[in-house]
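Here, each number is a calculation from the coordinates, and none is a lab measurement. The structure presented is a predicted model; accordingly, all values stated were derived computationally and were not measured. Cβ placement follows ideal geometry from the backbone for every residue including glycine, while neighbour counts extend to all protein chains displayed.
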Amino acid sequence: MKILVTGGAGFLGSHLCDRLIAEGHEVLCVDNYFTGTRRNIAHLLAHPMFEAARHDVTFPLYVETERIFNLACPASPVHYQHDPVQTTKTSVHGAINMLGLAKRVKARILQASTSEVYGDPDVHPQPEGYWGRVNPIGIRSCYDEGKRCAETLFFDYHRQHRVDIKVMRIFNTYGPRMHPNDGRVVSNFIVQALKGEDITIYGDGQQTRSFCYVDDLIDGMLRLMETEAGFTGPVNVGNPSEFTMLELAELVLNLTKSRSRLVFRPLPSDDPRQRQPDIALAREKLNWEPKVSLHDGLQRTIAYFRTVVG
Ligand code: NAD
Ligand code: UDP
């Protein structure tokens with residue numbers, strides 16, 4: 001098939017392009033390289049079935065395609081808060097442009113949505129039926145509300161124009177090719193541990209996240225895209241094993257054999273206290289569950305960061 005991947009030079013997008021090329025598809029990767037890098041896709045550039053184009057999804061795109069994976073959007077708080085207006089534009093205008101394209105060429109389209117649509121949740125773990133608890137005017141809102149509005153657009157294009165949609169709510173995912181300076185907790189802790197720098201725990205470190213290894217996540221994404229027409233989601237994809245940030249820091253210290261110290265820094269505002277996906281729907285509809293433990297996934301990720309951190 002001809003497949004378009006927006007945000008294809010990013011962390012998740014580049015792994016997705018790898019899998020699609022390995023499966024024999026023709027892949028067009030578009031990216032504005034805001035957080036992604038050509039390094040992530042350098043090994044694909046000479047492949048006859050792969051093409052990369054610099055393009056910002058807030059502008060219309062005219063191509064032929066049968067599948068669209070819409071991943072374009074900075075994902076780490078540091079990056080999406082750097083230019084919050086552009087973040088909302090990327091989610092909202094980007095969704096409108098890609099949905100318009102899907103409508104015109106009758107392509108199936110998958111949206112990389114996020115657990116952030118649940119905000120700081122008061123239901124735990126979070127099932128898809130939970131509507132969330134999101135601050136509309138805080139520093140995370142450009143991302144959270146942008147992604148919520150994108151979901152709205154997906155469902156309105158589906159109801160109004162019969163666009164064939166799949167909405168995936170991705171929970172914290174980590175692995176090789178995360179940007180070393182993107183500020184997300186797994187990359188921060190590993191880079192700090194490898195450099196012997198202090199490990200920065202925000203708040204008391206008792207907040208939780210559930211971390212999914214990238215290979216598992218991409219597997220779930222590919223399965224969702226090929227579910228029967230009419231199944232739209234939203235569907236949670238993530239690893240339900242939940243850890244506090246202190247537990248994560250200890251694990252990273254053990255696996256890197258680092259002697260870095262833990263230091264405590266102020267908790268950023270609106271930082272969710274807990275997060276764990278309810279993946280019953282993914283188990284049922286995608287016949288999917290994660291296979292890689294945090295221990296094994298961190299080992300692979302640490303091996304990657306050893307090659308990029310001097
Ligand atoms: P990333 O920052 O590595 O990748 C995002 C990519 O989108 C980058 O290559 C960036 O340059 C590109 N991009 C940003 N704005 C763009 C624009 N206007 N036009 C074209 N390209 C643009 O992040 P990631 O972790 O790979 O996330 C990919 C997608 O998955 C994002 O939509 C993100 O919201 C979603 N997601 C990721 C996670 C996670 O834990 N990694 C969790 C939930 C949702
Ligand atoms: N965090 C931390 N130290 C860091 C970076 C992040 O303690 O150096 C915390 C952050 O406050 C949050 C959790 O780790 O509670 C996950 O942060 P991340 O930015 O990776 O993802 P998100 O908050 O978007 O889930």
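Need the C-alpha centroid separation for region 246-310 versus region 24-75, integer Å. With region 246-310 and region 24-75 each reduced to a Cα centre, they are spaced 27 Å.
For residue 235, the residues 5 or more places off, or on other chains, whose built amide H falls under 5 Å of its own are 167, 168, 169. Rounded to the nearest 10 degrees, the inclination of helix 141-161 to the longest alpha-carbon principal axis of the chain is 20 degrees. The ranking of 131, 288 by Cβ neighbour count inside 10 Å, starting from the fewest, reads 131, 288.
Peptides 102-109, 264-271 ranked from most to least packed, by the mean per-residue count of other Cβ atoms within 10 Å: 102-109, 264-271. For the Cα atoms of the chain, what angle does the longest principal axis make with the long axis of helix 84-105, in degrees from 0 to 90, nearest 10? For 84-105 against the chain, the angle is about 30 degrees.
Relative to its residue count, region 10-85 spans a Cα convex hull of 93 Å³ per residue.
Normalising by residue count, region 76-161 has a Cα convex hull of 101 Å³ per residue. Of the listed pairs 147/195; 2/285; 89/291; 106/291, which have alpha-carbon separations greater than 28 Å here? Checking Cα-Cα distances, 147/195; 89/291; 106/291 exceed 28 Å.
Packing here is the average count of other Cβ atoms within 10 Å per residue, and on that basis the peptides 185-191, 17-23, highest first, run 185-191, 17-23.
When only Cα pairs below 8 angstrom with a gap of at least 6 residues are kept, region 192-310 shows a relative contact order of 43 percent. Taking each DSSP H run with n ≥ 4 as -39500 (n - 2.57) and averaging over every residue of the chain yields -12000 deg cm²/dmol at 222 nm.
Summing charges over neighbours of residue 178, with a neighbour being any other residue whose Cβ is under 13 Å away from its Cβ, gives +3 when K and R count +1 and D and E count -1. Our summary gives region 136-247 a relative contact order of 34 percent, counting only alpha carbon pairs under 8 angstrom and 6 or more residues apart.
Which percent, to the nearest 5, of DSSP beta bridges fully inside the chain are antiparallel? Expressed as a percentage, antiparallel bridges in the chain total about 10. Expressed as a fraction of 2.2 N^0.38 Å, the rule-of-thumb size for a compact globular protein of N residues, what is the C-alpha radius of gyration of the chain? Rg over 2.2 N^0.38 Å, computed on Cα atoms: 0.95. If the label point is 7 Å along Cα→Cβ of residue 156, which residues in region 75-116 have backbone nitrogen under 11 Å from it? Within reach of a label on residue 156, which here means backbone N under 11 Å from a point 7 Å along Cα→Cβ, region 75-116 contributes 96.
Subtracting the Cα-Cα distance of residue 198 and residue 66 from 0.36 nm times their residue separation leaves 42.8 nm of extension gain. Residue 304 sits among other residues whose Cβ lies under 13 Å from its own Cβ, and their net charge, with Lys and Arg +1 and Asp and Glu -1, is +3.
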